[in-house]
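The values are calculated or read from the model by the stated rules, or taken from the named source; none is laboratory data. As the structure is a prediction and not an experimental result, all values here were calculated from the model. Note: ideal-geometry Cβ built from the backbone for every residue, glycine included; neighbour counts use all protein chains shown.
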């Protein structure tokens with residue numbers, strides 16, 4: 001049990017199942033927002049490309065291995081995504097300082113614009129949801145989501161996650 005866990009909180013299976021259902025429905029709503037923007041975007045890129053661009057904005061210098069870990073993509077798929085983004089001029093790659101084989105990626109201005117077009121829609125969706133939950137709900141929701149994300153949040157700046 002974590003330090004902040006309330007030992008009085010006992011959740012029944014049906015309550016947990018309702019939470020799983022809501023998470024799936026929320027995920028579907030968020031991806032529908034992403035898809036709606038991507039369908040109108042002239043780049044022809046998809047969800048995985050936007051996810052990579054978003055993570056590169058939040059964590060500049062990611063390499064293939066880190067991207068694969070964060071997104072649950074195979075290393076081969078993560079590499080392809082970065083190649084596609086670079087082909088569109090959305091990403092620049094550079095050899096790592098300590099290991100020249102490690103190629104870190106950063107967004108270009110065009111890549112940041114691509115990422116921003118999609119993220120703007122998601123931020124609006126999330127803002128509406130957070131407003132319905134109230135001030136205490138925002139902190140609680142972020143704490144729950146961070147706990148679900150687990151180790152994937154460890155390489156991030158805690159101020160950006162919590």
Within the range 34-54, which residues are touching a residue at least 60 places away in the same chain (Cβ under 8 Å) and more than 18 Å from residue 108 (Cα to Cα)?
34, 36, 37, 38
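Within the range 105-129, how many residues turn out to be in a helix (DSSP H, G or I) and in contact with a helix residue (DSSP H, G or I) (Cβ under 9 Å, 6 or more places away or on another chain)?
Residues of the range 105-129 in a helix (DSSP H, G or I): 109-129.
Keeping just the survivors that are in contact with a helix residue (DSSP H, G or I) (Cβ under 9 Å, 6 or more places away or on another chain) gives 111-112, 114-122, 124-126, 129.
Total meeting the criteria: 15.
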Any residue that is closer than 22 Å to residue 148 by Cβ and over 16 Å from the mean Cα position of the chain (by Cα) - is there at least one of those in the range 25-39?
yes
Output the residues belonging to the range 29-45 that are modelled with pLDDT of 95 or more and not in a helix (DSSP H, G or I).
45
Quick check, is residue 132 in a helix (DSSP H, G or I), exposed (fewer than 11 other Cβ atoms within 10 Å of the Cβ) and either at pLDDT 90 or above or on the phi > 0 side of the Ramachandran plot (or both)?
yes
